[in-house]
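Accompanying notes for the structure given below.
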Amino acid sequence: MDLAVFDLDETLICEDSTSLWLRWLVSQGFAPEALISQEQALMAKYHAGTLSIEEYMSTTLAPLAGMATLTVEGWVRRFIHRDILPRVFPAARERIDWHQQRGDTVMIITASGDHLAVPIAQRLGVHGALAIGVEVVDERYSGQIYGTATYREGKVTRLSDWKALQQDQRFERTWAYSDSMNDLPLLAHADHAWVINPDASLQQEAQQRGWEVCNWVR
């Protein structure tokens, strides 16, 4: 059995899940419109490789601080149905199916919060998700994160820790799928790296390393 790990944003889906989530919150009146421009400025840092993930998560979790988990779970279900499922790349679904037919374990690994990533993984029918831990205190979101963030090298750390806990599973090979230079450590860690819709820098890196390059479209 192999392990297949898929980045979420712009790999499984054609946009960024947290950006979409914030737009949904604003559209429902649950967050101020100014949050969208704040998040876009932080995403520019992400694409430049200079983002502080702690700053990003603090900013984007602010609307949930003090909110009951059950309330947010209801919001997330509606959000996934409206804004995530229609944006899944058909080729991504095919690739997930290919791995599952082989008997592989399929995971999402993402720098999104686990309040979004875990239910998205459930709706996509994969084994689970490794995501940024979003703190809950007394059944309410604190607006803070905890643990090692699944961002850049942190994805490899969290994946290695997760694999070490799978006492009944010994994976022969690891497959990794991502669109982002920020996931270079994850792609380099895998036995089989697939690069999805890369920018010029990642395209060049993939060609030099002999990685598979795919162009997935909606």
### Task
Go through the range 107-218 and tell me which strands (runs of 3 or more DSSP E), entirely inside it, have 3 or more residues that are surrounded by 15 or more Cβ atoms within 10 Å (Cβ to Cβ).
128-137, 140-146, 174-178, 192-196
#### Entry: Number of the condition not met by ILE80 [criteria: (1) open to solvent by 50 Å² or more (accessible area, probe 1.4 Å); (2) farther than 20 Å from ALA149 by Cα]
(1)
## Note on the structure
Scanning the range 106-147 residue by residue, the ones that are among the polar types (S, T, N, Q) and out of contact with any Leu (no Cβ under 9 Å at 6 or more places or on another chain) total 1
### Message
Exactly one of these conditions fails for MET43: (1) modelled with pLDDT of 95 or more; (2) open to solvent by less than 60 Å² (accessible area, probe 1.4 Å); (3) hydrophobic (A, V, I, L, M, F, W, C). Give me its number.
### Response
(1)
### Long-range neighbours under 8 Å by Cβ, at least six apart or interchain, first residue without any contact (Cβ under 8 Å) to a residue 12 or more places away in the chain within the range 181-208, second open to solvent by 70 Å² or more (accessible area, probe 1.4 Å) and not hydroxyl-bearing (Ser, Thr, Tyr)
none
### Message
Can you tell me how many residues within the range 46-56 are among the small types (Gly, Ala, Ser), open to solvent by less than 60 Å² (accessible area, probe 1.4 Å) and out of contact with any Lys or Arg (no Cβ under 8 Å at 6 or more places or on another chain)?
### Response
1
### Task
Identify the residue in the range 35-56 that is in a helix (DSSP H, G or I) and of a type in the set (A, V, I, L, M, F, W, C) and, among all such residues, is nearest to GLY147 (Cα to Cα).
ILE53
### Query
Only one of these conditions is not met by THR59: (1) in a helix (DSSP H, G or I); (2) of a type in the set (S, T, N, Q); (3) more than 17 Å from GLY125 (Cα to Cα); (4) open to solvent by 60 Å² or more (accessible area, probe 1.4 Å). Which number is it?
(4)
### Query
Which pairs do you get when a residue that is on the phi > 0 side of the Ramachandran plot, found in the range 52-71, comes within reach of a residue that is modelled with pLDDT of 95 or more and open to solvent by 60 Å² or more (accessible area, probe 1.4 Å), reach meaning Cβ atoms under 7 angstrom, with the pair 6+ apart or on two chains?
GLY66/ARG140
### Yes/no for ASP97 being modelled with pLDDT of 95 or more, of a type outside the set (S, T, N, Q) and in contact with an Asp or Glu (Cβ under 8 Å, 6 or more places away or on another chain)
no
### Query
When both residues are 6+ apart or on different chains and their Cβ atoms are under 7 Å apart, which pairs have a first residue that lies in the range 147-160 and is of a type in the set (Lys, Arg), and a second that is surrounded by fewer than 19 Cβ atoms within 10 Å (Cβ to Cβ) and assigned to a helix (DSSP H, G or I)?
ARG152/PRO185; LYS155/PRO185
### Task
Go through (1) open to solvent by 30 Å² or more (accessible area, probe 1.4 Å); (2) within 25 Å of GLU139 (Cα to Cα) one by one and return the number of the condition MET1 breaks.
(2)
### Query
Does the range 25-34 include one or more residues that are within 24 Å of SER180 (Cα to Cα) and open to solvent by 50 Å² or more (accessible area, probe 1.4 Å)?
no
### Query
Among the residues of the range 4-20, is any exposed (fewer than 13 other Cβ atoms within 10 Å of the Cβ) and either within 30 Å of GLU172 (Cβ to Cβ) or at pLDDT 95 or above (or both)?
no
### Task
Exactly one condition in (1) out of contact with any Ser or Thr (no Cβ under 7 Å at 6 or more places or on another chain); (2) free of Cβ contacts under 8 Å to residues at least 24 places away in the same chain is not met by GLN38; state its number.
(1)
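The values are calculated or read from the model by the stated rules, or taken from the named source; none is laboratory data. Since we're looking at a predicted model, the values are computed, not measured. For neighbour counting, all protein chains shown are included, and Cβ atoms are generated from backbone atoms with ideal geometry for every residue, glycine included. All accessible areas refer to the heavy atoms of the entire protein, side chains included, with ligands and DNA or RNA removed. Shrake-Rupley method; radii C 1.70, N 1.55, O 1.52, S 1.80 Å.
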